[in-house]
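Student: Take a look at the following structure, please.
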Amino acid sequence: MNTPNYSALLQSFWTPPSTPITDNSNSNNHPIEPTDIAEFLGEDLLWQQTISAKEPNLKNIPNDLPNKLIKALHSLGITQLYSHQLQALQAIRQGKSLILTSPTASGKTLSTYPAILEGCINEEHRVLAFYGLRALALDQFHKISELLSTIPTQSRPILAMITGDVKSEKREQILKSEPHILGVTPELIHFQLKQAWKSAHWANFYQRLRYILLDEAHTLSGSYGANMSWLIRRIKLAVDHYGGDSKKLQFIFLSATCGNPKQLALKISGLKPTKINPKPLIWIRKSGAASPSRQIIITQPSYNLTGDTARIIQFLLNQGKSGIAFCNSRRSVRELTELLKSNQVAAFYSGITSERRAEVVDQLQFGTIKWIIATEALEAGIDLPELECCILRGWPGSKMAYQQRSGRAGRSQSGLTVLLPNALNPIDCYVAEHPEMLVSPEAEEVFFNDEYPIFAAKHLMCAAAETGIPTNKIKHYFGTAAYEVAKLLLAQGHLNKGRNGLWAKGYPHKDVIATDKAIRTLCEAHLP
């Protein structure tokens, strides 16, 4: 009797198969394939739970909104609002700042923009909408454009977007149109503040600025969050410098996944309770949106993540299901896409061109492709209602990331989420042993140190080069810790004291990004 080739046997389990996964054959020689995902997984199914569908809590649209805005909503088939949308509308109309933490696909755009548009129409207010990703900005602006397109041209607020790839001349043309709503990335405003004094259009925009919207607020962690909080302080200074009133600014934060949303929003915005305004920021947490049912599955930890993920995707493809599979690296995306070898599957990661990204999204919407294999580049809230299933090739590292990824699918119909833990990763195995964490609402808290002296020094120098800093208002705009940092910068000659306050030469803005990278490098060098 010949001895089996045990080496080849182990190799087949521990490495992805070298040949593509093929469609199931219709040959009568094969047993009938299962049609249910749980039956298909068999003994590989570790845990499953179905979350029931939720009925909506609907409220009437206030009849004292501008009539043209009510008609615009009706023309899109919106005759009622979810309860949390009405709460947000009322808060913004009352001059309040807020953070909204309703789930993914719960209508956050319609929670904020009716009241914002009312302010733009009636009071000529301006809106600065921050998006961390250009693709996310485009997706959100498409939704807003649909609403704006139904408002008569003569009274329609102007929508515009400026990103880093828009040249200076084009930016001025955009600002010349006096947009009411301006979509930007944080980096763009960081650099643009230095040039605002050269442009009457930028000065006019800051003078009328009323609303600052920050989407995907849960991403504002670590150095990114700290830099964002300092950028907001500089914007407040610019608003007052150009004739506006920073005390009237309203901050609108949106996030579906954050463990300490109110604390985060207060820290970024710099809002503080006072006797006159003991609650400067409202937290809206209870969603009134409808939600389809969702089946959540955890498989047994896998030693062959790519191969097992490919088999599940192929099974769902054969069932006519569409979806998205998340990988934790580009390499895994390429391996999985290559293994499937299907023209119904496309890769999506940060390295592909913007044209290719748009093409993939279009093909998905038209049904040309059925599955996207993605990195965290599609984790942010881009709306893809066509997707039914979400497969996670390994634990994404946090509950926050899990909720974001799972929320990409099953938005308009019953959804399916399948997590394949990595058998070689202890954290993945821990999640597999505690599956209840996937259905609990809690997520990690977001923290950052906005008083770190290097951040303070760099942003103080930027502010001094942009508008100058009134000497008697350093603490007012930048906090108590900034006062001591400013004294040290004065002593070193990096800040100068003039008749109108502190000023700085040069272009210190580039150092903010360079310092951020240097800090990360230093920290990584000391990691165990």
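The values are calculated or read from the model by the stated rules, or taken from the named source; none is laboratory data. All values reported here derive from a predicted model rather than from experimental measurement. All Cβ positions, glycine included, derive from the backbone under ideal geometry; neighbour counts span all protein chains shown.
Student: Looking for whichever is in contact with a Phe, Trp or Tyr (Cβ under 9 Å, 6 or more places away or on another chain), surrounded by 20 or more Cβ atoms within 10 Å (Cβ to Cβ), modelled with pLDDT of 90 or more and farther than 30 Å from GLN403 by Cβ here; the options are LEU214, LEU182, LEU237, LEU220. Which one fits?
Tutor: Sole residue among the options that is in contact with a Phe, Trp or Tyr (Cβ under 9 Å, 6 or more places away or on another chain), surrounded by 20 or more Cβ atoms within 10 Å (Cβ to Cβ), modelled with pLDDT of 90 or more and farther than 30 Å from GLN403 by Cβ: LEU237.
Student: Under the condition of being charged (D, E, K, R) and within 20 Å of LYS108 (Cα to Cα), which residue from the range 384-437 is modelled with the highest pLDDT?
Tutor: Going through the qualifying residues, I end up with ARG405.
Student: I'm trying to understand the selection: among the residues of the range 168-195, which are under 24 Å from the mean Cα position of the chain (by Cα), among the β-branched types (Val, Ile, Thr) and assigned to a helix (DSSP H, G or I)?
Tutor: Within the range 168-195, ILE189 is the sole residue that qualifies.
Condition check ((1) of a type outside the set (Asp, Glu); (2) within 22 Å of ARG311 (Cα to Cα)) across all residues:
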{"residue": "LEU339", "(1), (2)": "yes, yes"}
{"residue": "GLN344", "(1), (2)": "yes, yes"}
{"residue": "GLY394", "(1), (2)": "yes, yes"}
{"residue": "GLY410", "(1), (2)": "yes, yes"}
{"residue": "ASP428", "(1), (2)": "no, yes"}
{"residue": "HIS434", "(1), (2)": "yes, no"}
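Student: Within the range 422-479, can you find the residues that are within 30 Å of GLN404 (Cα to Cα) and charged (D, E, K, R)?
Tutor: ASP428, GLU433, GLU436, GLU442, GLU444, GLU445, ASP450, GLU451
Rundown of residues vs (1) surrounded by fewer than 19 Cβ atoms within 10 Å (Cβ to Cβ); (2) over 30 Å from GLN263 (Cα atoms); (3) of a type in the set (S, T, N, Q); (4) under 25 Å from the mean Cα position of the chain (by Cα), yes/no style:
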{"position": "SER287", "(1), (2), (3), (4)": "no, no, yes, yes"}
{"position": "ILE312", "(1), (2), (3), (4)": "no, yes, no, no"}
{"position": "LYS321", "(1), (2), (3), (4)": "yes, yes, no, no"}
{"position": "SER329", "(1), (2), (3), (4)": "yes, yes, yes, yes"}
{"position": "GLU335", "(1), (2), (3), (4)": "no, yes, no, no"}
{"position": "THR353", "(1), (2), (3), (4)": "yes, yes, yes, yes"}
{"position": "LEU364", "(1), (2), (3), (4)": "no, yes, no, yes"}
{"position": "TRP371", "(1), (2), (3), (4)": "no, yes, no, yes"}
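Student: Right, ILE312: out of contact with any Gly (no Cβ under 8 Å at 6 or more places or on another chain) and assigned to a strand (DSSP E or B) or not?
Tutor: No.
Student: Here are some residues: ALA256, ALA226. Which one is touching a residue at least 40 places away in the same chain (Cβ under 8 Å), closer than 27 Å to PRO508 by Cβ and touching a helix residue (DSSP H, G or I) at 6+ places or on another chain (Cβ under 9 Å)?
Tutor: Just a single option satisfies the conditions, and that option is ALA226.
Student: Output the number of the condition that GLY493 fails; it satisfies all remaining conditions of (1) closer than 30 Å to PRO301 by Cα; (2) surrounded by fewer than 13 Cβ atoms within 10 Å (Cβ to Cβ); (3) not β-branched (Val, Ile, Thr); (4) not assigned by TED's automatic domain parsing to the domain that holds GLN48.
Tutor: (1)
Student: Could you check how many residues of the range 417-427 are surrounded by fewer than 21 Cβ atoms within 10 Å (Cβ to Cβ) and either of a type in the set (D, E, K, R) or in contact with a strand residue (DSSP E or B) (Cβ under 6 Å, 6 or more places away or on another chain) (or both)?
Tutor: 1
Student: Which of the numbered conditions does LEU266 fail, given that it passes all the others? Conditions: (1) free of Cβ contacts under 8 Å to residues at least 60 places away in the same chain; (2) assigned to a loop (DSSP other than H, G, I, E, B); (3) not aromatic (Phe, Trp, Tyr).
Tutor: Answer for LEU266: the failing condition is (2).
Student: Also, quick follow-up: Which of the residues spanning the range 304-339 are under 13 Å from CYS389 (Cα atoms) and in contact with a strand residue (DSSP E or B) (Cβ under 9 Å, 6 or more places away or on another chain)?
Tutor: THR309, ILE312, ILE313, LEU316, LEU317, LYS321, SER322, GLY323, ILE324, ALA325, PHE326
Student: Do you know which residues across the range 317-353 are in contact with a helix residue (DSSP H, G or I) (Cβ under 7 Å, 6 or more places away or on another chain) and assigned to a helix (DSSP H, G or I)?
Tutor: SER332, GLU335, LEU336, LEU339, LEU340
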